Amino acid sequence: MAAILAIWLPIEFRLLHSVGVDPTTAIVSGMIAGVLAFRSRRDILDVSAAFDLRKMNFRHAFLNFAMFAACGIPLALAIGFIRPAVRVPDIAGIPGLVVTILFFNALPEEILFRGIIQHVTESALKSRVGASIVSALIFGLSHLNNEPVVPNYKYFVMATLAGVFYGNAWRRDRNVFTSTITHTLVNTGWRLFFR
């Protein structure tokens, strides 16, 4: 746990920025450090399952995205977390947006919160459901410091709910690429159609 926190917290609280490391470099470095640090510890990060492209399940990823959208969008609108966007999305900018979200947001978070935290919690609790709830709550808590208002309780609620579906996408095959697709779809849809 100490090693996980040592990698995650400096990035989460932007501590590396104070020594001149830009956020993108910090995220990529943290992702690489996490994979390298735990690659030989299957009890912490099962690299063979997490990054096996053959186990990536698009159907399961899209199903979890649809289930989140069905309950998440009405909830987010009801609590005032999102509003429908009044602008038409820039079609030419969509591929770049998707790639940026996938590599610099969704994948690093899925490695940490599903590939490591949910995996370790599941082993400790001996419960898939319990681990899913705990890791989703931790994921939600990690979003409390997101602006514009800190603590951002609305973001906490929505991130916790999303974390349940990301965890469900990951859990079937323990594959972070599957949950990364779900995560990318959620964040891309939010950026394109809501504000």
(request) Considering every residue within the stretch 58-70, establish whether at least one is surrounded by 13 or more Cβ atoms within 10 Å (Cβ to Cβ), assigned to a helix (DSSP H, G or I), basic (Lys, Arg) and out of contact with any Leu (no Cβ under 6 Å at 6 or more places or on another chain). (result) no
(request) Sort out which residues of the stretch 22-57 are more than 18 Å from Ser123 (Cβ to Cβ), more than 17 Å from the chain's Cα centre (by Cα) and exposed (fewer than 14 other Cβ atoms within 10 Å of the Cβ), and write them in order of number. (result) Asp22, Thr25, Leu36, Leu53, Arg54
(request) Check Ser123 against each of (1) touching a Phe, Trp or Tyr at 6+ places or on another chain (Cβ under 9 Å); (2) among the small types (Gly, Ala, Ser); (3) touching a residue at least 24 places away in the same chain (Cβ under 8 Å) and name the one condition it does not meet. (result) (1)
(request) Filter the stretch 16-55 down to residues that are in contact (Cβ under 8 Å) with a residue 60 or more places away in the chain and charged (D, E, K, R) and give me whichever is farthest from Trp170 (Cα to Cα). (result) Asp43
(request) Tally the residues that are of a type in the set (A, V, I, L, M), assigned to a loop (DSSP other than H, G, I, E, B) and at pLDDT below 90, restricting the search to the stretch 9-45. (result) 3
(message) One residue is enough: does the stretch 94-102 have a residue meeting the conditions closer than 24 Å to Pro151 by Cα, modelled with pLDDT of 95 or more and in a helix (DSSP H, G or I)?
(response) yes
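The values are calculated or read from the model by the stated rules, or taken from the named source; none is laboratory data. Everything quoted here is computed from the prediction, not taken from an experiment. In this analysis, Cβ positions are derived from the backbone assuming ideal geometry, glycine residues included, and neighbour counts consider all displayed protein chains.
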